[in-house]
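The values are calculated or read from the model by the stated rules, or taken from the named source; none is laboratory data. From a predicted model like this one, the values you see are computed outputs, not experimental measurements. Positions of Cβ are generated from backbone atoms using ideal geometry, with glycine treated the same way; all protein chains shown enter the neighbour counts.
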Amino acid sequence: MNALRRNLPLIVLMSPAVLVLGVLALYPMARVMIDSFFDVDFASGRRIFTGFANYRAVIADSAFGTSFFNTLQFMIVASLAEVLLGLGFALLFARSFPGRKIALPLAVLPMMLSTLVCSAIWRNWLNYSGFLNALLTTIGVEPVQWLSDPHLALWSLMLVDVWQWTPMAFLVILAGLQSIAPEILEAARTDGASEWQCLRHITLPLVAPHIMLALLLRSIDTFKLFDKVYALTGGGPGNATQTLSTYIYDTGFRFFNVGPASAASVLMLVTCAVLVSGYIWKSAVKRGR
């Protein structure tokens with residue numbers, strides 16, 4: 001009872017957040033997990049238990065396999081590109097140079113725009129008669145069907161995502177670089193270490209947790225990609241840009257197959273949890289040393 005009285009202010013302060021989390025996150029998650037084992041018809045209210053039939057149907061669906069592969073490809077390529085470019089920009093902006101105060105806000109500007117605004121800009125640029133093809137024409141290259149070619153459409157979406165979210169990785173890594181004590185690098189240079197040796201043996205190991213954090217955040221965000229696909233290609237041409245999120249949306253809200261859509265959502269959640277657990281396990285091991 002005394003413990004309850006001591007913790008009562010904490011409980012009162014946390015209860016609204018817990019309530020919001022339960023209503024907006026935990027309940028929908030539990031409902032989706034339950035629906036994944038049923039054949040659900042919202043129109044008639046019919047619910048028939050089917051066990052793992054929805055999971056078998058989803059796994060056997062070639063469209064799900066395509067969307068899963070597209071999602072993994074997008075996540076790996078876009079996340080790595082954003083983190084590597086972010087690292088390069090962070091190393092550049094960690095130093096003082098003329099115009100840095102002006103260049104820094106411009107460098108993070110794409111991240112401040114909403115995804116629909118970014119998509120509208122890039123839809124114009126990627127149009128057959130748009131900016132990129134006009135640029136290619138000036139150097140003697142034939143125009144490209146950026147969003148209509150099945151072999152290029154997914155890569156075009158990656159380009160848009162890299163343009164918008166590289167600044168986020170850049171800011172995370174820049175914060176890590178600026179947390180390194182200057183005395184460490186000065187001592188290394190005094191001992192005769194070159195700039196490359198300082199980067200390889202001091203800067204990169206110290207900023208590695210920030211790089212991993214940026215990679216984790218971008219991996220999770222790219223894994224649940226929906227808005228850019230919906231705004232730019234709608235999953236086409238064919239299934240060339242179909243992702244797990246758009247597959248779930250089409251299955252559940254266009255074709256009203258709630259059970260298979262719920263099963264696909266659970267599979268997506270499990271995959272994402274595996275990615276996060278790997279980072280958490282690695283962080284826990286480091287703290288335990």
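Side notes on the structure shown:
- Of note, D191 does not satisfy the criterion of being under 30 Å from F68 (Cβ atoms) and among the acidic types (D, E).
- Options G235, G259, G192, G252: the member that is buried (at least 20 other Cβ atoms within 10 Å of the Cβ), part of a loop (DSSP other than H, G, I, E, B) and assigned by TED's automatic domain parsing to the domain that holds V58: G235
- All positions within segment 26-45 that are modelled with pLDDT under 85 and surrounded by fewer than 13 Cβ atoms within 10 Å (Cβ to Cβ): F42, A43, S44, G45
- Selection status of D61, assigned by TED's automatic domain parsing to the domain that holds I220 and modelled with pLDDT of 90 or more: yes
- Taken together, M158, M212 contain a single residue that is assigned by TED's automatic domain parsing to the domain that holds I76 and closer than 17 Å to A231 by Cα, which is M158.
For (1) surrounded by 19 or more Cβ atoms within 10 Å (Cβ to Cβ); (2) among the basic types (K, R), each residue gets a yes or a no:
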residue: R95; (1), (2): no, yes
residue: V108; (1), (2): no, no
residue: S114; (1), (2): no, no
residue: L126; (1), (2): yes, no
residue: V160; (1), (2): yes, no
residue: P167; (1), (2): yes, no
residue: I173; (1), (2): yes, no
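- Pick from segment 75-92, criterion over 22 Å from P205 (Cβ atoms) and in contact with a helix residue (DSSP H, G or I) (Cβ under 7 Å, 6 or more places away or on another chain), ranking: surrounded by the fewest Cβ atoms within 10 Å (Cβ to Cβ): V77
- Pick from segment 202-230, criterion of a type in the set (G, A, S) and surrounded by 18 or more Cβ atoms within 10 Å (Cβ to Cβ), ranking: nearest to the chain's Cα centre (by Cα): S219
- Selection count, segment 1-52, where residues are within 24 Å of F253 (Cα to Cα), among the hydroxyl-bearing types (S, T, Y) and out of contact with any strand residue (DSSP E or B) (no Cβ under 7 Å at 6 or more places or on another chain): 3
- Conditions (1) touching a Gly at 6+ places or on another chain (Cβ under 8 Å); (2) buried (at least 20 other Cβ atoms within 10 Å of the Cβ); (3) over 21 Å from N54 (Cβ atoms): number failed by Q242: (3)
- With respect to the stated conditions, L147 is in contact (Cβ under 8 Å) with a residue 60 or more places away in the chain, of a type in the set (A, V, I, L, M, F, W, C) and touching a helix residue (DSSP H, G or I) at 6+ places or on another chain (Cβ under 8 Å).
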